[in-house]
1. Restricting to segment 238-256, name every residue that is open to solvent by less than 10 Å² (accessible area, probe 1.4 Å), within 16 Å of His215 (Cβ to Cβ) and of a type outside the set (A, V, I, L, M, F, W, C).
2. Just one of (1) among the charged types (D, E, K, R); (2) touching a strand residue (DSSP E or B) at 6+ places or on another chain (Cβ under 8 Å); (3) surrounded by 13 or more Cβ atoms within 10 Å (Cβ to Cβ); (4) without any contact (Cβ under 8 Å) to a residue 60 or more places away in the chain trips up Arg411, so point out which.
3. Going through segment 317-350 one residue at a time, which ones are out of contact with any strand residue (DSSP E or B) (no Cβ under 9 Å at 6 or more places or on another chain) and at pLDDT below 95?
4. With the requirement that a residue be surrounded by fewer than 18 Cβ atoms within 10 Å (Cβ to Cβ) and closer than 16 Å to Val238 by Cβ, what does segment 187-198 give you?
5. Filter segment 18-34 for residues that are exposed (fewer than 13 other Cβ atoms within 10 Å of the Cβ) and not in a loop (DSSP other than H, G, I, E, B) and give the result.
6. Considering only residues that are among the acidic types (Asp, Glu) and over 16 Å from His150 (Cβ atoms), which ones fall in segment 209-223?
7. Within segment 355-384, can you find the residues that are open to solvent by 60 Å² or more (accessible area, probe 1.4 Å) and within 19 Å of Leu235 (Cα to Cα)?
Amino acid sequence: MAAERRGKADTLALRRRLLSSSCRLFFPEDPVKIVWGHGQYMYDEEGAEYIDCINNVAHVGHCHPLVVQAAHEQNQVLNTNSRYLHDNIVDYAQRLSETLPEKLCVFYFLNSGVSLWEAAEQLSEPCPPSGRRSEANDLALRLARCYTGHQDVVVLDHAYHGHLSSLIDISPYKFRHLDGQKEWVHVAPLPDTYRGPYREDHPNPAMAYANEVKHVVSRAQEKGRKIAAFFAESLPSVGGQIIPPAGYFSQVAEHIHKAGGVFVADENQVGFGRVGKHFWAFQLQGEDFVPDIVTMGKSIGNGHPVACVATTQPVARAFEATGVEYFNTFGGSPVSCAVGLAVLDVLEKEQLQAHATCVGSFLMELLRQQKAKHPIIGDIRGVGLFIGVDLIKDEATRTPATEEADFLVSRLKENYILLSTDGPGRNVLKFKPPMCFSLDNAQHVVAKLDAILTDMEKKVKSCETLRLQP
């Protein structure tokens with residue numbers, strides 16, 4: 001590996017001069033310059049090793065040798081678009097189909113950033129053009145509208161589904177800070193049983209939250225609106241590492257189907273065995289639930305730009321009936337599919353799904369022990385290697401401890417642990433590490449977390465003592 005010649009200060013100065021300030025850095029006050037990675041570790045320009053607790057894109061580990069080798073070997077032979085016959089794309093589609101319910105049997109491949117739509121201007125309602133640059137969730141939106149003939153979308157509050165205009169429109173996390181909510185977008189409450197309206201003591205939170213979706217649909221229909229789709233991350237991440245109550249999705253799907261819409265499960269953050277118990281996070285909802293469309297990206301290529309949409313034959317046929325060709329310059333290329341196949345091989349050979357169950361359970365138990373020790377920890381929730389630690393100021397009100405969470409993340413960085421926050425209050429520590437994250441890593445991270453929280457509590461107690469003195 002070539003030596004890194006430019007100093008950190010020079011790199012930062014160039015970035016500030018050449019890149020928009022909207023392209024933000026982690027730890028803006030003292031950013032980390034990362035020059036290489038391996039497994040669950042990242043290294044700065046001085047060789048310091050950081051434990052990466054958040055990079056779910058490097059799904060099977062940074063620079064996994066088998067994935068790198070697969071890309072390199074295929075690059076030496078051929079890389080072109082998918083209009084030529086090639087084994088990699090059909091082999092990859094076949095392998096993915098084996099992980100999904102039988103009815104999800106048609107695949108569209110994209111890269112994670114750009115997709116090209118031929119003759120989009122020829123489209124007319126109910127498939128309005130929403131831009132030629134697209135990703136998996138944008139394609140899912142098009143498929144839903146073509147199949148149903150409807151326009152409107154129901155989403156969960158605080159959701160984020162992508163950075164394109166069409167996806168910002170269905171992402172409350174983004175549009176609440178921009179132009180606001182479009183008339184064709186309808187927002188249902190996040191199924192948060194810790195902080196939401198129906199909590200852990202409710203007799204049936206799944207039904208209660210699903211009924212909220214039903215009410216949202218009914219109000220839309222009263223205005224003459226027609227529902228095309230319900231979009232949801234299988235485990236809402238930006239919303240605060242939320243675990244929807246079991247049975248929620250199947251009940252929501254029933255309401256959406258009655259309204260003529262389809263259910264889209266966004267697996268970009270949580271698919272490919274991250275939840276441990278299942279290969280896909282939507283499977284946590286039970287065997288009776290199967291979405292109509294599944295979108296996947298990020299971890300699918302371990303950092304290589306590849307994405308995919310899986311759907312049913314009826315949905316695909318409706319799209320085909322428009323007569324408009326689907327073509328993606330880079331999606332489904334021999335190299336992308338070789339990488340995708342390699343990721344599946346590593347998941348299987350290294351038994352990373354079972355590993356996620358083992359390490360995730362161990363990490364959850366360690367964090368529960370910290371919850372009993374530190375009042376600032378209000379809730380520990382998660383499954384596999386998708387875990388949230390909800391920090392609060394007060395147990396009764398559950399007020400988000402935003403400043404404390406930010407301070408804690410900064411202190412962890414000083415201890416060479418990379419963690420970040422999410423949730424509406426930016427107070428939920430999110431754990432989404434590479435799948436090779438180990439038992440030793442879990443123990444080390446929690447020990448540092450304990451030490452920092454203990455130190456924070458001592459300082460607070462010292463300040464309170466000083467205030468009480470005459």
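1. Once the filter is applied, which keeps residues that are open to solvent by less than 10 Å² (accessible area, probe 1.4 Å), within 16 Å of His215 (Cβ to Cβ) and of a type outside the set (A, V, I, L, M, F, W, C), segment 238-256 yields only Tyr248.
2. (2)
3. Ala321, Thr322, Gly323, Thr329
4. Taking segment 187-198 and keeping what is surrounded by fewer than 18 Cβ atoms within 10 Å (Cβ to Cβ), we get 189, 197.
Selection gives Pro189 alone.
5. The one that is exposed (fewer than 13 other Cβ atoms within 10 Å of the Cβ) and not in a loop (DSSP other than H, G, I, E, B): Leu18.
6. Quick first cut of segment 209-223, residues among the acidic types (Asp, Glu) only: 212, 222.
Matches in segment 209-223: Glu212 only.
7. Let us first name the residues in segment 355-384 that are open to solvent by 60 Å² or more (accessible area, probe 1.4 Å), namely 358, 361-362, 365, 368-369, 371-373, 375.
Residue satisfying the conditions is Ser361 alone.
Condition check ((1) surrounded by fewer than 24 Cβ atoms within 10 Å (Cβ to Cβ); (2) farther than 24 Å from Gly331 by Cβ) across all residues:
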residue: Lys258; (1), (2): yes, yes
residue: Phe263; (1), (2): no, no
residue: Asn268; (1), (2): no, no
residue: Phe272; (1), (2): no, no
residue: Val275; (1), (2): no, yes
residue: Phe279; (1), (2): yes, no
residue: Phe282; (1), (2): no, no
residue: Val294; (1), (2): no, no
residue: Gly297; (1), (2): no, no
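The values are calculated or read from the model by the stated rules, or taken from the named source; none is laboratory data. Remember, predicted model here, so these are calculated numbers, not experimental data. Cβ sites come from the backbone with ideal geometry, for glycine too, and all protein chains shown count toward neighbours. Areas reflect the complete protein model, heavy atoms only, side chains present, ligands, DNA and RNA absent. Shrake-Rupley method; radii C 1.70, N 1.55, O 1.52, S 1.80 Å.
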